[in-house]
1. State which residue pairs qualify: first residue within 20 Å of N79 (Cα to Cα) and inside the range 99-124, second residue among the hydroxyl-bearing types (S, T, Y) in any location, beta carbons under 6 Å apart, and separation of 6 or more residues or different chains.
2. Taking the conditions exactly as written (open to solvent by 60 Å² or more (accessible area, probe 1.4 Å), within 28 Å of T66 (Cα to Cα) and part of a loop (DSSP other than H, G, I, E, B)), does K183 satisfy them or not?
3. Could you run through the range 88-120 and say how many residues are more than 19 Å from F158 (Cβ to Cβ) and open to solvent by 70 Å² or more (accessible area, probe 1.4 Å)?
4. Identify, by number, the condition in (1) of a type in the set (G, A, S); (2) surrounded by 13 or more Cβ atoms within 10 Å (Cβ to Cβ); (3) within 24 Å of K129 (Cα to Cα) that G201 doesn't meet.
5. I'm checking my understanding of the structure. Among residues of the range 75-87 that are out of contact with any strand residue (DSSP E or B) (no Cβ under 6 Å at 6 or more places or on another chain) and more than 28 Å from P191 (Cβ to Cβ), which one is surrounded by the fewest Cβ atoms within 10 Å (Cβ to Cβ)?
6. Of the conditions (1) open to solvent by less than 20 Å² (accessible area, probe 1.4 Å); (2) in a helix (DSSP H, G or I); (3) within 18 Å of L41 (Cα to Cα), F123 fails just one. Which one is it?
7. If you check E179 against the conditions, is it free of Cβ contacts under 8 Å to residues at least 24 places away in the same chain and of a type in the set (D, E, K, R)?
8. Any residue that is outside any loop (DSSP other than H, G, I, E, B), farther than 29 Å from V134 by Cβ, open to solvent by 50 Å² or more (accessible area, probe 1.4 Å) and acidic (D, E) - is there at least one of those in the range 9-17?
Amino acid sequence: MANKYHDFSPKEVRQLIREEKIQEPTSGMCGGYAQANLVILPKKYADDFKLFAEYNSKPCPILEITEPGSFTTHKTADNANIITDIPKYFIYKNGVRVDEVLNAEKYWGDDFVCFLIGCSFSFEEAMIKEGIEVRHITMGCNVPMYKTNIPCKPAGIFNGPFVVSMRPMKPEDVEKAYEITGKFPHVHGDPIHHGDPAEIGIKDINKPDYGDA
């Protein structure tokens, strides 16, 4: 089932997000365009996070970094507004999620730095075109995501395990999926694992740490 916003332009979708008419995950929207995840940090943490992302380019492929205090993108999108054009923002303080908002303006700081990180939603259209079902698009829910036992290389204050998203598929489609997604290195590229989830520390595939089962 194709997303109803598949044929919309990114600018059209951003406008609907700004008007809070789109509040769900953007998987399947804006066919043919790359998507990004977002991290916003105070400037004092930005250098550490940039280094962390450089050390761990597979899980954190950086597409754009804004100047401190700027909430406007230039490379990934022409004048997109970081604090209004994302469907939902999770607000963390001291490592704990304290709020979810549809507009981040009240939390914005003058020294904040925005990191746009390649998102795996970007290669799903190519998979669908090759006949591989993307189950969370079919079901109209978010992709399931899991913490693994694979460590990232630490940098400054940042450390932790790989977090992966999962697409269930038929065994005969696995090789084709590697081939397709390997062409998209800036949005995570090919899978890091297939087969038994326990091998990478996932105890129950039906209980994701983030997203939807």
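1. Listed by first residue and then by second, the contacts come to N103/T84; A104/Y89; C114/T66; L116/T76.
2. On the way: open to solvent by 60 Å² or more (accessible area, probe 1.4 Å): yes; within 28 Å of T66 (Cα to Cα): yes; part of a loop (DSSP other than H, G, I, E, B): yes.
Criteria met by K183.
3. The total comes to 6.
4. (3)
5. D78
6. Exception for F123: condition (3).
7. Working: free of Cβ contacts under 8 Å to residues at least 24 places away in the same chain: yes; of a type in the set (D, E, K, R): yes.
So E179 fits the description; yes.
8. Start the filter on the range 9-17 by keeping residues that are outside any loop (DSSP other than H, G, I, E, B), which leaves 10-17.
Now narrow it down to the ones that are farther than 29 Å from V134 by Cβ: none.
No, there is no match, as no residue in the range 9-17 is outside any loop (DSSP other than H, G, I, E, B), farther than 29 Å from V134 by Cβ, open to solvent by 50 Å² or more (accessible area, probe 1.4 Å) and acidic (D, E).
The values are calculated or read from the model by the stated rules, or taken from the named source; none is laboratory data. The model shown is predicted, which means the values in this text are computed figures rather than measured ones. All Cβ positions, glycine included, derive from the backbone under ideal geometry; neighbour counts span all protein chains shown. The accessibility values were calculated without ligands, DNA or RNA, using every heavy atom of the protein model including side chains. Shrake-Rupley method; radii C 1.70, N 1.55, O 1.52, S 1.80 Å.
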